[in-house]
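The values are calculated or read from the model by the stated rules, or taken from the named source; none is laboratory data. Quick caveat: nothing in here was measured; it's all calculated off a predicted structure. Cβ placement follows ideal geometry from the backbone for every residue including glycine, while neighbour counts extend to all protein chains displayed.
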Amino acid sequence: MPLLIKNIKELLQIREPDILKISGADMKTLPTIKNAYLLIEHDTIVDFGSMENCNYSDIDQVIDATGKIVLPTWCDSHTHIVYAGNREQEFVDRINGLSYEEIANRGGGILNSAKTLENTSEEDLYKQSIERVKKVIKLGSGALEIKSGYGLSTENEIKMLRVIKRIKKEFPIKIKATFLGAHAFPKEFKDNKQGYLDLIINDMLPKIAKENLAHYVDVFCEKGYFSLNDTQQILEAAKQYHLTPKIHVNQFNAFGGVELAVKHNALSVDHLEMLNESDINALKNSNTMPVALPSCSYFLSIPYTPGRQIIDAGLPLALATDFNPGSTPSGNMNFVVSTACIKMKLTPEEAINAATINGAYAMGISNQYGSITKGKKANLIITKQVPSYNYLPYAFGENNIDQVIINGTLY
Ligand code: NIG
Ligand code: FE
């Protein structure tokens with residue numbers, strides 16, 4: 001049954017079907033139609049335009065969006081939303097002066113979450129995770145990339161990836177799964193790092209590929225975690241299973257990870273809080289999307305990714321949450337968009353482009369998601385009555401979402 005949304009105050013992010021990402025100065029543009037309608041059939045956007053030209057009078061399902069803005073749902077291209085338990089004690093420890101690094105060195109951090117996950121059944125992990133998934137859909141996310149990486153053993157990495165697969169089956173939003181076995185070295189491999197790399201390469205990767213559990217491969221390429229050489233080994237091994245890289249790089253240190261990722265045709269490089277000129281140069285003439293995670297910078301009080309510099313260099317930029325129990329216990333893309341404007345000096349247009357079409361690109365789905373385009377999936381946010389779209393990032397912390405449509409159906 002068709003669904004008509006009429007009297008839309010402003011319909012945002014109208015793009016031609018061949019536009020898969022937006023770069024540089026073009027990110028300042030956000031094509032819109034004021035006083036618009038949009039028609040959905042099944043799960044697809046089939047028509048839209050100015051109300052003057054709206055000739056659909058006999059549609060039974062109609063939403064009156066007077067005073068409201070309609071835009072594509074957020075495409076959150078970097079999350080660790082499947083996890084067990086929380087780490088609020090580490091939050092308090094950081095307030096009392098410990099750094100993220102010091103906490104990790106004491107056996108906290110990723111290893112802390114891995115221990116909790118090991119002791120959590122697959123069913124319980126699923127239940128905990130879907131509560132978060134439901135919350136972020138209500139906050140306007142219509143597509144999520146979800147990483148493993150709190151398993152750190154074959155059994156538990158597969159447990160996480162099976163939970164992601166089940167979420168994909170049970171929820172209407174678009175899900176992409178990423179294998180992040182190389183998130184941290186487990187304690188038993190502290191003095192045998194090659195042993196853990198071999199386990200990833202010879203045991204985890206083949207089993208995960210056989211069960212078809214992941215689309216992408218990720219590595220936490222960082223001092224104290226996985227070196228350039230470690231990262232290279234994993235990316236090379238993942239190639240034979242056709243797992244495209246999406247890499248955690250430059251969160252705390254810049255030492256060539258961006259260049260390595262680009263060399264391996266990474267779909268995205270994520271974090272980039274520390275970025276130098278050679279990283280920017282490596283990204284030019286590449287197909288790799290730089291992804292900023294401003295909620296992580298906010299929560300850990302670390303520098304923000306120099307998004308302004310990235311865009312001013314003519315590059316594209318995507319925004320994602322990084323939702324995880326340690327560095328970003330929040331999956332709120334509205335906050336991410338606000339924070340990118342406030343702290344990274346992105347314009348609202350740039351931030352909305354980064355969180356929709358470029359986010360979709362960073363998870364390989366921008367041919368079907370991320371813009372208002374005939375033939376794309378009808379995943380839409382209908383806002384409350386707001387004065388303008390600038391009000392959305394401006395009124396940070398306020399929930400201005402009225403309704404979320406996923407695959408043509410009100411969620
Ligand atoms: O993207 N940086 C690496 N991984 C996560 C944090 C993981 C954790 O602390 O649990 C991130 O910030
Ligand atoms: Fe992350």
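So the values come out like this:
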| item | result |
| --- | --- |
| Condition met for G224 (surrounded by fewer than 17 Cβ atoms within 10 Å (Cβ to Cβ) and more than 16 Å from ligand 1 (Cβ to nearest atom)) | no |
| Wholly within segment 181-268, helices (runs of 4 or more DSSP H) carrying at least 2 residues that are without any contact (Cβ under 8 Å) to a residue 24 or more places away in the chain and closer than 22 Å to N156 by Cβ | 193-199 |
| Any hit, segment 302-316, residues being closer than 30 Å to L199 by Cβ and within 16 Å of ligand 1 (Cβ to nearest atom) | no |
| Answer residue from segment 269-293, given it is assigned to a loop (DSSP other than H, G, I, E, B) and among the charged types (D, E, K, R) and is farthest from K343 (Cα to Cα) among those | K284 |
| Restricting segment 284-309 to residues that are among the hydrophobic types (A, V, I, L, M, F, W, C) and buried (at least 24 other Cβ atoms within 10 Å of the Cβ), the residue that is nearest to A362 (Cα to Cα) | M289 |
| Some residue of segment 263-270 being surrounded by fewer than 20 Cβ atoms within 10 Å (Cβ to Cβ) and within 15 Å of ligand 2 (Cβ to nearest atom) | no |
| Segment 50-106, residues that are under 24 Å from P329 (Cα atoms), over 25 Å from the mean Cα position of the chain (by Cα) and loosely packed, with under 14 Cβ neighbours inside 10 Å | Q89, V92, I95, N96, G97, E102, N105, R106 |
| Whichever residue in segment 233-274 is of a type in the set (S, T, N, Q) and on the phi > 0 side of the Ramachandran plot and, among such residues, is nearest to ligand 1 (Cβ to nearest atom) | N250 |
| Counted residues, segment 317-333 - those being surrounded by fewer than 24 Cβ atoms within 10 Å (Cβ to Cβ), in contact (Cβ under 8 Å) with a residue 60 or more places away in the chain and out of contact with any Leu (no Cβ under 6 Å at 6 or more places or on another chain) | 2 |
| Unique residue being farther than 16 Å from M333 by Cβ and touching a Lys or Arg at 6+ places or on another chain (Cβ under 9 Å) when the list is T409, T373 | T373 |
| Matching residues in segment 349-387 - criterion: being in the same structural domain as S295 (by TED's automatic domain parsing) and without any contact (Cβ under 8 Å) to a residue 60 or more places away in the chain | A351 |
| Any hit, segment 383-398, residues being farther than 27 Å from Y100 by Cα, of a type in the set (D, E, K, R), crowded, with 20+ Cβ neighbours inside 10 Å and over 16 Å from the mean Cα position of the chain (by Cα) | no |
